[in-house]
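Please read the structure below before turning to the comments.
The values are calculated or read from the model by the stated rules, or taken from the named source; none is laboratory data. Note that the coordinates shown come from a computational prediction; the quantities given were computed from them, not determined experimentally. All Cβ positions, glycine included, derive from the backbone under ideal geometry; neighbour counts span all protein chains shown.
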C-alpha cells in the first residue's frame, strides 16, 4: 500500500496548504537532478494510449511492403501509407512514417536507433506457450495495466515502485550525495515510473518551476505566507507531520530550481510550441544547471497522449508524430549545445502497439509488441535492434489472428540496457529488474 499512502499524503498536502492558499498542487513544486564530470541523464518519453508502431516503421522492400499493404488496405478500411511517402533509413529496407523527418535525420546521422518488437514479458515466450497460458504478462491489452507494467518493468501485477525509482534507490548512495534535489524528476505529473522504496521523485510544471500560481492579485502574497506557515505547525499527528515535511520540501525544491535556472543564460535552442516541446525544454533547462544542483545522475519523465487511435488513425497519428519528432530533435540539439550529447540518452515507451489488421473504423485496436526510438550521443545509432515481426496474420509472431505481435524482446531487457549504461552494476540489475534473469541477455547493446 506504499504507493497509495504516498498519494494520500500528496493530496492531503493540497487540502492542508495548497487549496487554502489558492494555489496549484504542491506536487508541481517538486524537482530533482544530479551532476559532475561523470554526469549522465535518462529521459523517458511516454506515448500514452498505445502508438501504432506498425505505421511508424514499415518495410520498404517489395515483398515486405506488399505484406504490409495487403493487410492494411483490406476490408475497405485502409490505413496503409503510400510507399513513396516513407522516409528512408540508411542501410536497411525499412522506412519511417512521413511525419518523422527529424527522427530520420537522427537515425541516419548515427544518433538514434530503433528497437523492434519490444513488449511486456516475464520470460521469453513462444506462440505455443502464450496460447497455453505459460507465464503470460497480466492484463494484456489494458491501458492502465500495460502502462504500469512498462513503468515498473515487472510485467506482472501492480507494484508500488517503478524502475526509475528503483534505479534511484540503488544509485543514490553512490551518486548525488550532495544534491539539493532528488535523482528522478517528472514534468508530466505523478507516475509509477518515478517511485522508489527509499527515494522519492519530484514533479515540476513545465515553464513554472515555482509550481504555484495565484490569480487573486494583491492577496497572493498573504495567501502564500499563510500556506507556508501551516507547514511549521506541529500537529502531533504523524501522517500530517509527514505531509508537512513533503510540502516543506516542495517549497525548498521550487526555490532551489527557480534560483538555479535564473542564474544562467538561457539556451539558444528553439523548441516547438507544443506540450511535449515545453516538457523537453523544461528538462533541458534543469539539466543546464546540473552543477548548481550538485547532481551526477538524473532521470526524467515526460509524456504525450491520445495515441489510442481506434478510428481516423491516419490523420490522428500523423498529427501526434509531427509533434514528437521536432521536439525530440530540439532536445537532442540542446544537449549538443550544452556539450553533453554523449551523456544524455532519451527513449520512448508506450502502452503497447496496435493490431496490424485495421478495424472497421479506419483505426486499430490494442495489441502488444511495439517498436521504440532511442536517441543520444552515446546511442549506437543507425541500426535496428531486435527481431522485426514477420507481418503475417496468424503467423508464428501473432498471438492470435489480428496481428498482435508476441514481443521478441522484453521491455525489461530494454530498460536494463538503459540502466546499465546509466551506471547500475551488473550485480544489482536483479534488484532493479527481478525478472531479468529469465532472459538470455540483460544488455541489448544499443547504448
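A few remarks follow.
- Taking the criterion of being in contact with a strand residue (DSSP E or B) (Cβ under 7 Å, 6 or more places away or on another chain) and part of a helix (DSSP H, G or I), the residues of segment 414-435 that qualify are 414, 418, 421, 422.
- Qualifying residue in segment 423-432 (condition: more than 19 Å from the chain's Cα centre (by Cα), within 21 Å of residue 350 (Cα to Cα) and surrounded by fewer than 23 Cβ atoms within 10 Å (Cβ to Cβ)): no
- Considering segment 253-274, the residues that are in a helix (DSSP H, G or I) and without any contact (Cβ under 8 Å) to a residue 60 or more places away in the chain include one that is surrounded by the most Cβ atoms within 10 Å (Cβ to Cβ), namely 260.
- In segment 144-163, of all residues being in contact with a strand residue (DSSP E or B) (Cβ under 9 Å, 6 or more places away or on another chain) and assigned to a loop (DSSP other than H, G, I, E, B), the one that is modelled with the highest pLDDT corresponds to 162.
- Checking 116, 122 one by one, the residue that is assigned to a loop (DSSP other than H, G, I, E, B) and within 27 Å of the chain's Cα centre (by Cα) is 122 and no other.
- Count of segment 164-193 residues which are part of a loop (DSSP other than H, G, I, E, B), under 22 Å from residue 37 (Cα atoms) and in contact with a helix residue (DSSP H, G or I) (Cβ under 9 Å, 6 or more places away or on another chain): 6
- Among (1) surrounded by 21 or more Cβ atoms within 10 Å (Cβ to Cβ); (2) farther than 17 Å from residue 104 by Cα; (3) touching a residue at least 60 places away in the same chain (Cβ under 8 Å), the one test that residue 366 misses: (1)
Conditions tested, residue by residue: (1) buried (at least 22 other Cβ atoms within 10 Å of the Cβ); (2) touching a strand residue (DSSP E or B) at 6+ places or on another chain (Cβ under 9 Å); (3) at pLDDT 95 or above; (4) over 15 Å from residue 42 (Cβ atoms).
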site	(1), (2), (3), (4)
302	yes, yes, yes, no
315	no, no, yes, yes
336	no, no, yes, yes
354	yes, yes, yes, yes
382	no, yes, yes, yes
409	yes, yes, yes, yes
412	yes, no, yes, yes
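- Residue 118 fulfils the conditions (1) under 26 Å from residue 315 (Cα atoms); (2) in contact (Cβ under 8 Å) with a residue 40 or more places away in the chain; (3) in contact with a strand residue (DSSP E or B) (Cβ under 9 Å, 6 or more places away or on another chain); (4) surrounded by fewer than 22 Cβ atoms within 10 Å (Cβ to Cβ) except for a single criterion, (4).
- Enumeration of residues in segment 364-378 that are assigned to a loop (DSSP other than H, G, I, E, B), under 17 Å from the mean Cα position of the chain (by Cα) and under 19 Å from residue 42 (Cβ atoms): 376
- Yes/no for residue 213 being at pLDDT below 90 and either outside any helix (DSSP H, G or I) or more than 15 Å from the chain's Cα centre (by Cα) (or both): yes
- Breaking point among (1) closer than 24 Å to residue 48 by Cα; (2) in contact (Cβ under 8 Å) with a residue 40 or more places away in the chain, for residue 428: (1)
- With respect to being surrounded by fewer than 18 Cβ atoms within 10 Å (Cβ to Cβ) and either free of Cβ contacts under 8 Å to residues at least 12 places away in the same chain or assigned to a loop (DSSP other than H, G, I, E, B) (or both), residue 361 fits the description.
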